[in-house]
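The values are calculated or read from the model by the stated rules, or taken from the named source; none is laboratory data. All figures in this text were calculated on a predicted structure; none of them were measured in a lab. We place every Cβ from the backbone using ideal geometry, glycine too, and count neighbours over all the protein chains shown. Remember, those area values only see protein heavy atoms, side chains included, never the ligands or the DNA or RNA. Shrake-Rupley method; radii C 1.70, N 1.55, O 1.52, S 1.80 Å.
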Amino acid sequence: GKETVLDGLLGLTVAAFDTKMTNARITDPVVPGLQALAGELHVKGIEFGAQGHITDNWEIVAGYTYLDPTSKGLAAPGVKGPSPNTAHNQANLWTTYDFDNGFKVGAGLNYIGERNAGIDNASVPGSIITAHAPGYTTLDAMIGYQVNDHFSLQLNGYNLTDKYYFATTYFTRHGENHAVPGPGRTVTLTASLGL
């Protein structure tokens, strides 16, 4: 559903969903070094969002998603379990303020909750062992200046607190897995020239 508030400046949304995927990639039960298209993923969830302006100069984009992911066949053929790399809770907030003198500032947070990093039932037959990647929050910000109608500058900072986190994980079978760290603090300066 969708609703507007603040005299139509700000849009609010809510959505519920139930998604199933068949033929998901799983470790081949006969040859563990190969992949097979035989798994099933099922995700139920709800999403809330807000996008628009609080005032004429103050803009906001925010969202929250809750996911309930399950899988079948990822741990072992026919075995039900959690889905890897899917956080139950995710949220984001980005807000900017446009001053009338050409300056614009913005800041935001991105939150990803704890995720299942991998599923294993080979170590202890008959049970599912799940490794986890911890949740994290990153902080981003920007400042921009419109010099004139044709030239602007913008300084962006990403992960300003230099949070160490795992962007994704890969688990193919017992004893073969790894995690990929997310980028550290990054700052970019962009100059835009329009003719």
(request) Please work out which residue is nearest to ILE60 (Cα to Cα), limiting yourself to segment 142-161 and to residues that are part of a loop (DSSP other than H, G, I, E, B) and open to solvent by 70 Å² or more (accessible area, probe 1.4 Å). (result) THR161
(message) I'd like the residue in segment 21-41 that is within 23 Å of THR65 (Cα to Cα) and surrounded by 14 or more Cβ atoms within 10 Å (Cβ to Cβ) and, out of all such residues, is modelled with the lowest pLDDT.
(response) ALA24
(request) Within segment 162-195, track down each residue that is surrounded by 11 or more Cβ atoms within 10 Å (Cβ to Cβ), assigned to a loop (DSSP other than H, G, I, E, B) and at pLDDT below 90. (result) HIS174
(request) Only residues that are polar (S, T, N, Q) and either at pLDDT 65 or above or more than 30 Å from GLY81 (Cα to Cα) (or both): list them for segment 122-147, please. (result) THR130, THR137, THR138, GLN146
(message) Under 6 Å between Cβ atoms, which residue pairs at least 6 apart in sequence (or on different chains) link something in segment 59-73 that is within 22 Å of HIS42 (Cβ to Cβ) with a partner that is β-branched (Val, Ile, Thr) and part of a strand (DSSP E or B)?
(response) TYR66/ILE46; LEU67/VAL43; PRO69/VAL43; GLY73/ILE26
(message) So in segment 131-171, with the set limited to residues that are touching a residue at least 40 places away in the same chain (Cβ under 8 Å) and of a type in the set (Gly, Ala, Ser), which one is farthest from ASN116 (Cα to Cα)?
(response) SER152
(message) Quick test for you: out of ALA62, ALA75, ALA50, pick the one residue that is modelled with pLDDT under 70 and open to solvent by less than 90 Å² (accessible area, probe 1.4 Å).
(response) ALA75
(request) May I ask you to list the residues in segment 6-20 that are surrounded by 13 or more Cβ atoms within 10 Å (Cβ to Cβ), assigned to a strand (DSSP E or B) and either in contact with an Asp or Glu (Cβ under 9 Å, 6 or more places away or on another chain) or of a type in the set (Ser, Thr, Tyr) (or both)? (result) GLY11, LEU12, THR13
